[in-house]
Amino acid sequence: MATMLGATLLGLSLFLLNVAVSHGALQFGFYTGKCKGTDVETAIRGIVAARFAKDPSILPALLRMQFHDCFVRGCDASILLDVPNSEKQAGANQSVRGYELIDEIKAALEKACPGVVSCADIIIAAARDAVVMGGGRRYEVQTGRRDGTISRASDVNLPGPSISVSDAIRVFNGKGLSAEDMVLLLGGHTVGVTHCSFIMSRLYNFNGSGKPDPTMDSALVATLRRRCPQNLVVDSPVNLDQNASSANTVDNSFYNQILAKRGVLQIDQRIALDSATGATVVLLAGGRMDFSTRFGSSMVKLGAVEVLTGTQGEIRRSCRAPNKRTQSLGGDPFVIEPFVQEQLQSRAVVQQ
């Protein structure tokens, strides 16, 4: 039996090596006319709007989901998969949320046009819609992504909050994103929260000094110490934009805060102080570089990181599980598990 299966897989591999794999490209309006009369982006927007009306914090949740998905294996919805040792289980992703909203959108679109809309595209469009609902300017998103079938916690290596600016730039450059894109995408911290546990060292014992981080405004240190006492019992949330009137609005307030040394995360404060990024922060804070427009452009670039298109990947029936495929090569059909299928397709691409 094992010999027969091995021979069959070898045959399939040789078959795939001789098949021209067609890879398309992302495009605006990819789903136009493809969903039996349903406008895909309008349908997504309606479901996001209903959730946002009840829970505006879904905005930073979706921004984080897009970033965490695209920075690991590319924008392929691998973060959504419930498989053993998946990306969801990595420490950096433990607090990512919003999965049930993606499920709701996917279910509605599968009902309207089964097997058409990818989970990867749903993440991108939903995040854009939430940005608009949070006061940001609408930006057009490209679609046509397909979903990956692999999700591994061991692949998750996201930049942490204490990363240096030079290291962060290298990480972003590795994804095809510039230093300016990095500053703009960190501007997503105009909404959302961190928690006390992530900033305790800045408040009490920065670099083992027994003192707070000298780059943090002393008044902010005093405020945050009250919220995050040294004998921390409750890991309370802390707004990333310390302008209380703007903490839930997509605007350039965040940049004014970090120029005033009121950045909560270390990397946020560092981009205001570093010569490689400080000038961009000043332009954004003063409005000489329009944040809403440029943020949208950088989100589009982020959404194009290492995407699967054309015949790569698949359109998952459920965002939480890869599809199983039935193949037949002149005999009885058999099921190829998704990871085997992906490996065989990868070999086919390399050989072209």
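The values are calculated or read from the model by the stated rules, or taken from the named source; none is laboratory data. Remember, it's a predicted structure, so these values are computed and weren't measured experimentally. Every residue, glycine among them, receives a Cβ derived from its backbone with ideal geometry; neighbour counts consider all protein chains shown. What goes into the accessible areas is simple: the full protein's heavy atoms, side chains included, and nothing from ligands, DNA or RNA. Shrake-Rupley method; radii C 1.70, N 1.55, O 1.52, S 1.80 Å.
Here are some notes:
- From the options ASN256, ASN231, residue that is over 30 Å from LEU62 (Cβ atoms) and either open to solvent by 10 Å² or more (accessible area, probe 1.4 Å) or over 25 Å from the mean Cα position of the chain (by Cα) (or both): ASN231
- On inspection, SER154 fails the criterion of being in a helix (DSSP H, G or I), hydroxyl-bearing (Ser, Thr, Tyr), open to solvent by 30 Å² or more (accessible area, probe 1.4 Å) and within 30 Å of THR280 (Cα to Cα).
- Checking each residue in the stretch 240-250 for being crowded, with 20+ Cβ neighbours inside 10 Å and either of a type outside the set (A, V, I, L, M) or without any contact (Cβ under 8 Å) to a residue 24 or more places away in the chain (or both) picks out ASP241, GLN242.
- Qualifying position, being hydroxyl-bearing (Ser, Thr, Tyr), farther than 23 Å from ARG137 by Cα and open to solvent by less than 20 Å² (accessible area, probe 1.4 Å), among THR190, THR194: THR194
- Scope the stretch 170-187; condition among the aliphatic types (A, V, I, L, M) and surrounded by 22 or more Cβ atoms within 10 Å (Cβ to Cβ); matching residues: MET182, VAL183, LEU184, LEU186
- Of all residues making up the stretch 129-159, the number that are in contact with a helix residue (DSSP H, G or I) (Cβ under 8 Å, 6 or more places away or on another chain) and over 23 Å from GLN27 (Cα atoms): 10
- Beta carbons closer than 6 Å, at least 6 apart along the sequence or on distinct chains, pair a first residue in the stretch 276-299 that is without any contact (Cβ under 8 Å) to a residue 24 or more places away in the chain with a second that is part of a helix (DSSP H, G or I) and open to solvent by 30 Å² or more (accessible area, probe 1.4 Å) for MET289/LEU283.
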